Structures are given as C-alpha cells and as structure tokens.
Ligand code: ADP
C-alpha cells in the first residue's frame, strides 16, 4: 500500500470539509488523492481520478507549457499561487474547459515529495469580472463626458475617454484640475451650493446647464447631471455631461420660427383691423351716398303726385325716370358693397358664358343715358354687331358701367364720350374716352386704391370703390385695367378681357 494512502482517511475527513478542490500529485505527476469538491468540479466519480496522470485535468493545448511549469516548480519548491496574471484552465470529463485558480503546496511524507493543489473554479467570478470590465469599458467609451471627483477637494479622480477627447486634457492633467477649471461661468461658492442637495445623499441628482471651456480656450454649451457616489469611505460625485450645441441650435431655430409666426399673426391682426376700419369707413360712406339719391327720389315721387292732369304725362315721365336712375344708382352701390365682400373673402364665383357683345354694350349705354348731363353724348362702337364673346357677362357689364358712368360723371355738359371696342383673337379691349376734368398727376398712382378719390372730385358724389372692384375682378380673370389722363383735358380708361376660345363674328362666319 502506498504510504500516502495510509493516511487517506484523515485526508478524506479533512479535505471534504473544505470548499476548495484539493488534489495531490506525486513526483511522477500522478494523482494520488482528490477531495469530493475536486471530483465534482471535474465531473468524476469518487476515487475515479486516483492513479491518473495530472494531464487528464489540463486542456491539451496547455500540456507542454504545464509540464515545464511543474518541473520548474519542483526545482524551486515553495508555496505559491499559480496563474498569477494569466488565465488558467481545467478540463472536465465532458471535455468542457473552465477557468480556475490554483495554489500549490509541496510537502514531503516518508521521503516522498508531493504537491497539494488547492483548486478554485472561477467560472462565475470570471463572468462577473467580464461584466464589470465591460461596464467600465462602456463608461470609458461613452461619447458623453463622465467625471468622478472628490466631493470635498473637488479634485478629479477619474475621467472617461469622452471627457478627455472633448476637453483636450489628458488623465494626468485632469488629476490636477477640478470641475471649476472647466466651468468658467460658475464660481466656487456657486458650485458648492449646487452640490449641496446631493452631498452625502445617494439617489439624488442635480441638473443644470452651463458652458465648458476646453484646454484650447474654446467653449461649448453643456447639460450637467451630477449625483453622489460613495467609494469606500470617500464621498465622490459622478458628473455626466451632454454637449448640447446641436440642441441649442435647434432651439434657436425654433425661436426664430416662433418669432416669424408671431410676426405673421401680428400682420394678420393688423390686416383684420384695417379691414374693420375699411368697413366702418365704407358704411359711413354708403349712408352718406344714400342720402342724396333718396332725397331725390322723395322729391320726384312728391312731384309725380302733384302732376295729376292727363296732359302732364311728360312731366310725370321725367320724374319717374329720375326715380329709376337713382334707384339704379343705389343698386349699384349695394352691388359694389357685395362685390367687395366676395372679392375679399375669395368667394366670387365667375361664370363664363357665350353672350352677345352688342347686347351688353347697348344695355350699359341705355342705362348710362339716364344720367347724361345736358348736351352729353355717347359715341357708340360700330364694329360689334353680331359679335359673341366668351366671358363673365356680369363682370363685363360691371366694368363697362363703371368706367362709362365715371366718364359721364367727371365730364361737363355738352361733351362727347366715346366707347371704342378693339377685338383680337385672344382678347377684347374697351376704351372709354372723355373730355372731362381728368385726374391730377399726383392722384393718378392711387386711383385704384379702395376709397381713394382725387382731390378735384371731392364735390362730386362717389365712393372710391368702383375702380378698385373692377381691378380686383380683372386680376382674377386675367384681364387688366389702365388709364391715361390729363387734368382738365380728359381721360381714357382701358379695360381688357382675355378670351379663351371665342371671338365669333357671325357675319364673318356667314361670308366665309
Ligand atoms: P368714385 O365713386 O369716386 O367715382 P371710382 O373708384 O369709380 O370711385 O373712381 C375713383 C376715382 O378715380 C374717382 O373718385 C376719381 O377721382 C377718379 N376717376 C375715375 N374715373 C375718372 C374719369 N373718367 N375722369 C376723372 N377722374 C376719374
């Protein structure tokens, strides 16, 4: 019986009580004893390992290296831990390799040299270490700046790579600095005040915005998050810093946008107010404009009632015509008002139809005759018989009526007013030429503005709306209105309507 085995009972008793694996080999590297923890660790039955070469527990790739180690070890003897600074592996019966730590203790028994190895399976510890070193790596590689500093002295103790990169300081330089060296806008007293809420308290956080100054003196805006952290007995502070340059850019852009919108809103409000003012002005104008025609109607109606004789029909007709003319005038003012509203709200709907040009012109002139002053004469266009055009009949009527009425209104008695029509393939152009009071040079540029009236017409009735409305309609329809005028000589107003498909001359059609 082997000497060692004589004592094996004691060995077993002792060794099974410890949590480490115990393995004894002799000089020939043959396993002479194992405790149950070793058997369990390597996956063997009790006593199964006994008599086997130690190599059975060492991965093949380490065999040669291990052989050297053992031989050297026997030469030097002495207790020591194996695997200092490098990873050692064992192999289980299943072939699975696992990390372990080994402490070697040589001893001599009855002149035989043995080595007792204490073995620790460090699989779990290695996993934890990996986890920790991975966490450390994540912190270090984080692009956010992470600082650790002493809560008392404020000296930095650790600073991640992101911080070193962003600020330009090395770790060695950081050891000589405090957060105050990075924060030019914060004084020591202010900084200590900021730290107060988190001093000695875990789980609390302080957040604020400031700027950081790099080693090269440049600065950048940052958001700072600080929280306390206890390291052993020391109070530390961990600060995570976010570079918010981009966010501030975004905020600035947002502010500019808000400003823009506010401006737009203000403009809209001003417009709204102007519109209200215009309406008020218009209403007062209209009520004023209604007075004269209404009193005219009243007078005429009273007079009609007085001419009771059968022979006074002519007189009655005259007054009835005056009434008709005034009513039409009032009607026009009302139409203008409705037109403004529709133009303003974009609700005007245009209806393009084919209609006879001469019919419209005749109607306009017929109505205009009602307000002819004594001796005034309208020159009728000769070239429009049997011409049909495709346009909005109502608007053509409105435009012609407006410029023709103005010509009569702003011309003295005994003058001629000429209405000319030029027909083209794609447009029809009307000219109304008068020899009236004309428009003073300085007023000309304002003539199409709503409510604008030249200084030489202020004693003549009017609202200053008509031309503005006509211009609005023409712009919507793709046409144009313009004028030439000389004070005391006369004016020519020109209105142009586009024609998409038709300028039909029935007579021409017949002749071809
Ligand atoms: P109103 O109701 O005042 O006639 P309009 O909008 O039709 O309004 O015309 C605006 C202004 O243009 C007139 O007040 C007048 O000063 C000037 N005007 C328009 N047509 C003529 C014209 N044929 N001769 C002289 N002035 C004119």
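The values are calculated or read from the model by the stated rules, or taken from the named source; none is laboratory data. Since the model is a prediction, treat every value here as computed from it, not as a measurement. Here the Cβ is made from the backbone with ideal geometry for all residues, glycine too, and neighbour counts use every protein chain on show.
For the reader, a short list of remarks on this structure follows.
- Residue in region 137-152 that is part of a helix (DSSP H, G or I), touching a residue at least 40 places away in the same chain (Cβ under 8 Å) and either under 30 Å from residue 58 (Cα atoms) or out of contact with any helix residue (DSSP H, G or I) (no Cβ under 6 Å at 6 or more places or on another chain) (or both) present: no
Residues checked against (1) touching a strand residue (DSSP E or B) at 6+ places or on another chain (Cβ under 6 Å); (2) under 23 Å from residue 15 (Cβ atoms); (3) part of a loop (DSSP other than H, G, I, E, B); (4) in contact (Cβ under 8 Å) with a residue 24 or more places away in the chain:
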| site | (1), (2), (3), (4) |
| --- | --- |
| 38 | yes, yes, no, yes |
| 46 | no, yes, yes, no |
| 61 | no, no, no, no |
| 64 | no, no, no, no |
| 73 | no, yes, no, yes |
| 114 | yes, yes, no, yes |
| 119 | yes, yes, no, yes |
| 129 | no, no, no, no |
| 135 | no, no, no, no |
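- If only residues of region 414-437 that are assigned to a loop (DSSP other than H, G, I, E, B) and more than 15 Å from the ligand (Cβ to nearest atom) are counted, the one that is modelled with the highest pLDDT is 414.
- Subset of region 201-212 (residues that are touching a residue at least 24 places away in the same chain (Cβ under 8 Å) and either crowded, with 16+ Cβ neighbours inside 10 Å or within 17 Å of residue 155 (Cα to Cα) (or both)): 210, 212
Yes or no, residue by residue, for (1) near the ligand (Cβ under 9 Å from one of its atoms); (2) closer than 23 Å to residue 397 by Cβ; (3) touching a residue at least 40 places away in the same chain (Cβ under 8 Å); (4) not in a strand (DSSP E or B):
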{"site": "439", "(1), (2), (3), (4)": "yes, no, yes, yes"}
{"site": "456", "(1), (2), (3), (4)": "yes, no, no, yes"}
{"site": "473", "(1), (2), (3), (4)": "no, yes, yes, yes"}
{"site": "482", "(1), (2), (3), (4)": "no, yes, no, no"}
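- Filtered residues of region 157-176 (kept if part of a loop (DSSP other than H, G, I, E, B), under 16 Å from residue 238 (Cβ atoms) and over 37 Å from the mean Cα position of the chain (by Cα)): none
- The condition of being outside any loop (DSSP other than H, G, I, E, B), under 19 Å from residue 471 (Cβ atoms), free of Cβ contacts under 8 Å to residues at least 40 places away in the same chain and in contact with a helix residue (DSSP H, G or I) (Cβ under 8 Å, 6 or more places away or on another chain) does not hold for residue 401.
- If you check 389, 378, 395 for being in contact with a strand residue (DSSP E or B) (Cβ under 9 Å, 6 or more places away or on another chain), assigned to a strand (DSSP E or B) and closer than 15 Å to residue 496 by Cβ, only one passes: 389.
- Qualifying residues in region 458-470 (those that are more than 7 Å from the ligand (Cβ to nearest atom) and either buried (at least 19 other Cβ atoms within 10 Å of the Cβ) or touching a residue at least 12 places away in the same chain (Cβ under 8 Å) (or both)) - the one nearest to residue 410 (Cα to Cα): 460
- Breaking point among (1) over 17 Å from residue 94 (Cα atoms); (2) at pLDDT 90 or above; (3) touching a strand residue (DSSP E or B) at 6+ places or on another chain (Cβ under 6 Å), for residue 15: (2)
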